[in-house]
Amino acid sequence: MAGRYERNPYDEEEDVNPFADPGVRGRAAGSSYGGGPFYMTDLKRREKELQSREAELNKREKELKRREEAAARAGIIIEEKNWPPFFPIIHHDVENEIPAHLQRLQYFAFASLLGLAGSLFWNIIAVTAAWIEGEGVKIWLLSIIYFISGVPGAYVLWYRAMRTDSALNYGWFFLFYLLHLGFVIYSAVAPPIIFHGKSLAGILPAIDIISEHAVAGIFYFIGFGLFTVESLLSVWVIQEVYTYFRGSGKAAEMKREATHGAMRAAISSSI
């Protein structure tokens, strides 16, 4: 008789009102959606992790800011690489860093840097053609050395110096830009007296090669044209920079800095 009051094991669980309080419904159904203890524990754990990550990011940001301020006080300029836009390898921001009256000249100097890079890159192509025609691997290796040393060297030694309106940096610029000018003029002629003659696509090796290898000779004549244009542009740039240098009072400032430096050196040596 007791069986009539026993629960059928195949009966469903106690019906739960879907419109009941979510907490009650969750506890009745055994779900964690009602704010059960496991859910609350997991929520607190994640909240602590987020707080820990936020604190770590704030700490790193403060440390980075502190280092930037220390570098600025020490006169160290931290440059962000932003050019070319698709693959930044150098810093180039004329509009924001150069005074308006000098921006045109700075753009021409940058064009001179790009012209050097283009001329030396084409030089590799021309010398490669000559190497294929049997001129030897030595001239090809030299053309690679010119490119990988000349372009970064020009950027570091004279282009960056021109971006700072300082008399000392102008002196640095004139020194290395004159070397640059001498190199591109020499490359346009390419006499075989210092470098291996055919390692530079100048007029003399172009005349020599075209009689035997027409394609390589044409490449050399194109290289001669590029070096010639680069030479003319470089002459114009250094003339304009010198004109500004003389007219802006930087020459007198450079003399004063040199005099003060000599006096400090003399005093230091006498102590």
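Descriptive notes on the structure:
- Checking each residue in segment 113-125 for being in contact with a helix residue (DSSP H, G or I) (Cβ under 9 Å, 6 or more places away or on another chain) and either open to solvent by 40 Å² or more (accessible area, probe 1.4 Å) or under 16 Å from PHE219 (Cα atoms) (or both) picks out GLY118, SER119, LEU120, PHE121, TRP122, ASN123, ILE124, ILE125.
- Within segment 150-164, the set of residues being open to solvent by less than 70 Å² (accessible area, probe 1.4 Å) and not hydrophobic (A, V, I, L, M, F, W, C) comprises GLY150, PRO152, GLY153, TYR155, TYR159, ARG163, THR164.
- Selection from segment 181-214 of residues that are part of a loop (DSSP other than H, G, I, E, B) and in contact (Cβ under 8 Å) with a residue 12 or more places away in the chain: ALA190, PRO191, PRO192, PHE195, HIS196, LEU200, ALA201, GLY202, GLU212, HIS213
- Some residue of segment 163-171 being in contact (Cβ under 8 Å) with a residue 24 or more places away in the chain, assigned to a helix (DSSP H, G or I), under 15 Å from VAL237 (Cα atoms) and under 21 Å from the mean Cα position of the chain (by Cα): no
- Filtered residues of segment 126-135 (kept if farther than 18 Å from VAL229 by Cα and open to solvent by less than 60 Å² (accessible area, probe 1.4 Å)): VAL127, THR128, ALA129, ALA130, GLU135
- Looking across ILE98, ILE125, ILE132, ILE90, one residue alone is closer than 16 Å to LEU200 by Cβ and in contact (Cβ under 8 Å) with a residue 40 or more places away in the chain. It is ILE125.
- Options PHE147, PHE110: the member that is open to solvent by 40 Å² or more (accessible area, probe 1.4 Å) and either modelled with pLDDT of 95 or more or closer than 30 Å to ILE222 by Cβ (or both): PHE147
- Selection of segment 185-195 for residues being among the hydrophobic types (A, V, I, L, M, F, W, C), surrounded by 15 or more Cβ atoms within 10 Å (Cβ to Cβ) and closer than 30 Å to TYR170 by Cβ yields ILE185, ALA188, VAL189, PHE195.
Condition check ((1) at pLDDT 95 or above; (2) of a type in the set (Lys, Arg); (3) open to solvent by 60 Å² or more (accessible area, probe 1.4 Å)) across all residues:
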site: GLY171; (1), (2), (3): no, no, no
site: PHE174; (1), (2), (3): no, no, no
site: LEU179; (1), (2), (3): yes, no, yes
site: GLY197; (1), (2), (3): no, no, no
site: ASP208; (1), (2), (3): no, no, yes
site: GLU212; (1), (2), (3): no, no, yes
site: PHE221; (1), (2), (3): yes, no, yes
site: SER231; (1), (2), (3): yes, no, no
site: VAL241; (1), (2), (3): no, no, no
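- Any hit, segment 92-105, residues being at pLDDT 90 or above, on the phi < 0 side of the Ramachandran plot, open to solvent by less than 30 Å² (accessible area, probe 1.4 Å) and not aromatic (Phe, Trp, Tyr): yes
- Test result for PHE147, under 17 Å from PHE227 (Cα atoms), assigned to a helix (DSSP H, G or I) and of a type in the set (A, V, I, L, M, F, W, C): yes
The values are calculated or read from the model by the stated rules, or taken from the named source; none is laboratory data. The shown structure was predicted, so the numbers you read here are calculated from the model rather than taken from an experiment. Using ideal geometry, Cβ is built from the backbone for each residue, glycine included, and neighbour counts are taken over all protein chains shown. These accessible areas exclude ligands, DNA and RNA; they are computed on the full protein's heavy atoms, side chains included. Shrake-Rupley method; radii C 1.70, N 1.55, O 1.52, S 1.80 Å.
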